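I have placed the structure first, in the form of structure tokens, so that the comments after it can refer back to it.
The values are calculated or read from the model by the stated rules, or taken from the named source; none is laboratory data. The structure presented is a predicted model; accordingly, all values stated were derived computationally and were not measured. Quick reminder, even Gly has a Cβ in these numbers, built from the backbone with ideal geometry, and neighbours come from all protein chains shown. For the accessible areas, the whole protein counts, side chains as well, though only heavy atoms, and no ligand, DNA or RNA atoms are used. Shrake-Rupley method; radii C 1.70, N 1.55, O 1.52, S 1.80 Å.
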Amino acid sequence: NQAWQTIGKAIGATGIAPGDTLYIAPGIYRGTFTAAFTNPTSVSQTINILGDPTSSQFTGIPAGQVMITNFTSDNSTPAAVNYFTCAKSFITVKNIRFEGNSTVYFTGSNYLIEKCAFIQASHATNGGHNCLIQSNGNNPINATVRQCLFIRGVGGLTFATPNTGASFNANCNVYNSVFLYTNITFNGGIVTGK
């Protein structure tokens, strides 16, 4: 009875803060969401954004998937926009199904993404990258992706730098993940490390 009611509030400027853990109850969360919380600056300030499919943190809510989507209904096709954007560093994301038309977009470094699904829905017409992780300048991304599922999309999992033609060290590791009708791509620069 004291939980925030929307993801927008939870990841907004007056929601979570560096060092916090956000649990998301089972359900379908529709819309576009942008992280506006204070940027963590060290490992000790890591923000954890965790889906809670077993509903262990919530009373009276049955277990089920935690899904974030930009589809306003099960059969709609919205404009291709980034529907979950996090321009922050030191972020952990676990147990969330991201399904929509376009991209879940991270800009920064030091990410752990685990047990998530990134799906371009079959009725999407303008699909983009399922999950795009971009460095700040030419800095290493330092990302670990573990036990994730990527289905359809221009790039199921894309690592990038905004500086076209520049060299950058992705410093990323992908473990035990499945790619269906999509792939891993590197965009925007010359990758010197994988």
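Tabulated data
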| quantity | calculated |
| --- | --- |
| With eigenvalues of the C-alpha gyration tensor scaled by 5 and rooted, the chain, Å | 26, 21, 15 |
| Per residue value of the accessible surface for the chain (all protein chains in place, 1.4 Å probe), Å² | 46 |
| Most mobile of 177, 73, 55 in a GNM of the chain (Cα contacts under 10 Å) | 73 |
| Tensor-based shape of segment 1-110 (alpha-carbon gyration tensor, a/c under 1.5 rounded, otherwise prolate or oblate) | oblate |
| Choice from 155, 51, 60 showing the highest fluctuation, given a GNM over the chain with Cα pairs closer than 10 Å | 60 |
| Cα shape, segment 1-42, gyration tensor, a/c 1.5 rule | prolate |
| Ranked packing of 89-97, 35-43, most packed first, by mean Cβ within 10 Å | 89-97, 35-43 |
| Accessible surface of segment 1-141 [probe 1.4 Å, protein heavy atoms]: carbon and sulfur percent | 48 |
| Mean separation of Cα contacts under 8 Å, 6 or more apart, over the residue count of segment 1-85: relative contact order % | 33 |
| Among 155, 19, 81 - extreme Cα towards positive end, dipole of the chain, charges at beta-carbon | 155 |
| Assigned charges on the beta-carbon of Lys, Arg, Asp, Glu; segment 1-130 dipole about Cα centre (debye) | 80 |
| Whole-number percent relative contact order across the chain, with pairs defined as alpha carbons under 8 Å at least 6 apart | 14 |
| Rounded, prolate or oblate (a/c below 1.5 giving rounded, otherwise prolate when a/b exceeds b/c) for segment 58-117 by Cα gyration tensor | oblate |
| Spin-label model distance (nm) - residue 42 vs residue 181, 7 Å beyond Cα toward Cβ | 4.6 |
| Among 46, 69, 59: highest mean-square fluctuation, GNM of the chain, C-alpha pairs under 10 Å | 59 |
